[in-house]
Amino acid sequence: MKIINKSTLGFVLTIAALSCLFTKTLLAWSTGPEAYRTGAPGDKGTCNDSGCHNSFSLNSGSAKFSITGPASYTPGKTIKLKVSFGGSSGKLHGFEMTAVDADNNHVGKFKAIGKITQVIKPNDYRGLKKEDKGTYIEHTLSGNKKKSWKVKWIAPANATGTVTFYAAGNDANGNGTYTGDYIYTTTLEISPSEE
Ligand code: HEM
């Protein structure tokens, strides 16, 4: 059996350690949580569930978490929404958002603006089902340094009725774990324009 010399062994171990670190960072929840965590009807829940950010009860923090946007949407057209924290003391922040119609079906497609948000893709470790493609948006690793995020939402051409946006947000202490963070939920209803 060929004996591996010390420097080769050192090199192999360094590569292994770096790839573990890279994978852990890549798969870390702080880079964007799993899908179905907005608190919307039919979702798994929010960020504030057992084994996750449940140091404090939901919406028990003093920050203001909100979704703002236009009063109405036009079927087939794009609107801009802003998800934001006000009066928060956290070092890091995150969010996840979806939109449902009056029957609680996912509706429309989200689009990220810049690199601080990402539309969750099906079939990665976040567990989004193929049929829900485009219906969930959340922060990215660089986005967890922000306290507010602007995103786009495209209303389906055949949209009718009021759409409700659901978001869960994390006002986090930056300790690199899921402890000591305040979780919030909020909603925004937008109706079709009277055109
Ligand atoms: C929309 C929901 C969620 C948001 C916005 C969110 C956001 C974040 C943020 C900003 C951090 C960094 C915290 C810090 O350093 O203080 C973090 C870390 C973490 N979160 Fe969440 N999270 C969510 C849901 C979840 C859920 C459901 C779980 C459990 C399944 C989870 C598990 C973790 C863990 C283990 C960490 C620490 C290490 C890491 O970065 O992976 N999170 N999350």
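The values are calculated or read from the model by the stated rules, or taken from the named source; none is laboratory data. Everything quoted here is computed from the prediction, not taken from an experiment. Every residue, glycine as well, gets a Cβ built from its backbone with ideal geometry; the counts of neighbours run over all protein chains shown. For accessibility, only protein heavy atoms count, side chains too; no ligands or nucleic acids. Shrake-Rupley method; radii C 1.70, N 1.55, O 1.52, S 1.80 Å.
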In region 151-183, how many are near the ligand (Cβ under 7 Å from one of its atoms) and among the aromatic types (Phe, Trp, Tyr)? 1
For region 136-161, which residues satisfy the criterion of being in a loop (DSSP other than H, G, I, E, B) and either open to solvent by less than 20 Å² (accessible area, probe 1.4 Å) or in contact with a helix residue (DSSP H, G or I) (Cβ under 9 Å, 6 or more places away or on another chain) (or both)? THR140, LEU141, ALA155, ALA159
Could you list, in sequence order, all residues of region 86-101 that are open to solvent by less than 20 Å² (accessible area, probe 1.4 Å), within 13 Å of the ligand (Cβ to nearest atom) and assigned to a strand (DSSP E or B)? HIS93, GLY94, PHE95, GLU96, MET97, THR98
Output yes when any residue across region 66-76 is within 13 Å of the ligand (Cβ to nearest atom) and touching a residue at least 24 places away in the same chain (Cβ under 8 Å), and no when none is. no
When ASN104 is run through (1) in contact with a strand residue (DSSP E or B) (Cβ under 6 Å, 6 or more places away or on another chain); (2) open to solvent by 20 Å² or more (accessible area, probe 1.4 Å), the failure sits at (1)
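Considering every residue within region 33-49, establish whether at least one is among the small types (Gly, Ala, Ser) and at pLDDT below 85. Give the steps one after another, and end with the answer.
Step one: of region 33-49, the residues among the small types (Gly, Ala, Ser) are 35, 39-40, 42, 45.
Filter again for at pLDDT below 85, leaving none.
No.
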